[in-house]
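Remarks on the structure that follows.
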Amino acid sequence: MRFTKDHEWVVLEGDVATIGISAFAAEQLGDVVFVEVPEVGKTVKAGDPFAVVESVKAASDVYAPISGEVVESNDELASSPGTVNAAPEASGWFAKVRVSDPSEIEKLMDRAAYEAFLATQ
């Protein structure tokens, strides 16, 4: 699992990356009440907004940590947005993307680097 400074995570399996928000981000948001996931077929670019998450505290864009084409969206989040709070780094994933440039994963932090980054927040 790799992380961004914007608190997204990505797990790369073959050429497909599963993307979500970190447990830290979910905790900071509070109770998630709405999630808008990207449409299948959408092309995303690393660093660009590709989803929206709303909580009782705020609405936030979710940024693509890696570039590619959305091949699956977690449509369950529309009816169960609380999954993002309950399992942010597991079943609370947002989308799966067929990666166009696998080397982009190397620019992301591993868990140890992410934990160190959080300590500076």
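The values are calculated or read from the model by the stated rules, or taken from the named source; none is laboratory data. Everything quoted here is computed from the prediction, not taken from an experiment. Backbone-built Cβ (ideal geometry, glycine too); neighbour counts: all protein chains shown.
Just for strands (runs of 3 or more DSSP E) wholly inside segment 1-118: which have at least 3 residues that are not hydrophobic (A, V, I, L, M, F, W, C)? Answer list for segment 1-118: 49-55, 59-63, 68-73. Per this entry, Ala86 is not counted among residues that are among the small types (Gly, Ala, Ser) and within 22 Å of Thr120 (Cβ to Cβ). Only one of the listed residues (Thr120, Thr43) is surrounded by 14 or more Cβ atoms within 10 Å (Cβ to Cβ) and of a type in the set (Ser, Thr, Tyr). That residue is Thr43.
Condition first: surrounded by 14 or more Cβ atoms within 10 Å (Cβ to Cβ) and farther than 17 Å from Asp48 by Cβ. Now tell me which residues in segment 83-95 satisfy that. Of everything in segment 83-95, those that are surrounded by 14 or more Cβ atoms within 10 Å (Cβ to Cβ) and farther than 17 Å from Asp48 by Cβ turn out to be Thr83, Val84, Asn85, Ala87, Pro88, Glu89, Ser91, Gly92, Trp93. Looking for whichever is touching a strand residue (DSSP E or B) at 6+ places or on another chain (Cβ under 6 Å), at pLDDT 95 or above and over 16 Å from Val99 (Cα atoms) here; the options are Val35, Val44, Val40. Which one fits? On inspection, the qualifying residue turns out to be Val35. In segment 27-78, of all residues being under 12 Å from the mean Cα position of the chain (by Cα) and among the hydroxyl-bearing types (Ser, Thr, Tyr), the one that is nearest to Phe94 (Cα to Cα) corresponds to Ser73. Taken as a whole, the structure leaves Ser55 outside the set of residues that are surrounded by fewer than 16 Cβ atoms within 10 Å (Cβ to Cβ), at pLDDT 95 or above and more than 12 Å from Ile19 (Cβ to Cβ). For first residues located in segment 61-72 and free of Cβ contacts under 8 Å to residues at least 60 places away in the same chain and under 20 Å from Ala26 (Cα atoms), partners that are part of a loop (DSSP other than H, G, I, E, B) and β-branched (Val, Ile, Thr) and lie 6+ apart or on another chain with Cβ distances below 9 Å form the pairs Val62/Val37; Tyr63/Thr4.
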